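To keep things clear, I will list the structure first and then write my remarks on it.
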Amino acid sequence: MNTKKHSEHPHLTGEHRWGDTGQLILLVLFLGIWITDSFIFHYSTSLLEGVPNYIRVPAAAVVLIGGWHLARGGMKAVFGTARENPEVISTGVFRIVRHPIYTGAILFYLGTTLITMSIASAAFLLVIIAFYISISRYEERILAEAFGNDYLDYKKKTGMLFPKHRSH
């Protein structure tokens, strides 16, 4: 298996070995596309004229703040809380989605894209989402193996990267 363990966090079950590297590569590629499109060549920013700043900027700010909240809450719960034994985390931002750090990253890319309305960046965001789905599924196999029915029950109630609609 391509599982990466965190020696400083023995309570974690692991993650995909290429998860961190993949995220870094995608960030660099995204920023390259976003910066060259949005500020240099403007090859796919035609939508910018159709959406006024007073709509686009607040919408992007809400998305960016939401992403920051999810990513920060997820990082704090996973890496900031010492647990003696591994367990399914289903409180805090983990009540909203099973992978809040990844969702927060996706919202960062979306918010950044909204600021300049770059179609090229939006298209590349689809590649990024596919990557996060892939590593999330990998990690979920590890979690299901480690926690069995506890994780499967949590999975039924909570969306992977996007919240599930809950009927009352």
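All of the numbers you see were taken from the coordinates with simple rules; none came from a lab. Just so it is clear, the structure is predicted and the values come from calculations on it, not from any experiment. All Cβ positions, glycine included, derive from the backbone under ideal geometry; neighbour counts span all protein chains shown.
Rounded to the nearest 10 degrees, the inclination of helix 19-35 to the longest alpha-carbon principal axis of the chain is 10 degrees.
Ignoring the sites themselves, what is the longest stretch of the chain with no GluC sites (Glu not before Pro) in a DSSP loop and at most 15 other beta-carbon atoms within 10 Å? Mind showing how you got there, number by number?
Numbers: sites that count: Glu8, Glu84, Glu87.
With a cap of 15 other Cβ atoms within 10 Å, the longest stretch comes to 88-168.
Sites counted here are chymotrypsin sites (Phe, Trp or Tyr not before Pro) in a DSSP loop (not H, G, I, E or B) having no more than 15 other Cβ atoms within 10 Å; the longest part of the chain that contains none of them is 44-168.
Distance from the Cα centroid of the range 91-168 to that of the range 55-75 is 14 Å (rounded to whole angstrom). Could you list log10 I(q)/I(0) for the range 122-168 at q = 0.21, 0.26, 0.27, 0.31 Å⁻¹, which the Debye formula gives when each Cα is one point scatterer? Normalising to I(0) and taking log10 leaves -0.79, -0.96, -0.99, -1.09.
With 0.36 nm allotted per residue and the present C-alpha distance subtracted, the Trp18-Val62 stretch has 12.8 nm of extension available.
Legend: calculated FRET efficiency, Asn149 to Thr81, from the Cβ-Cβ distance at R0 = 25 Å, rounded to 0.05, equals 0.60.
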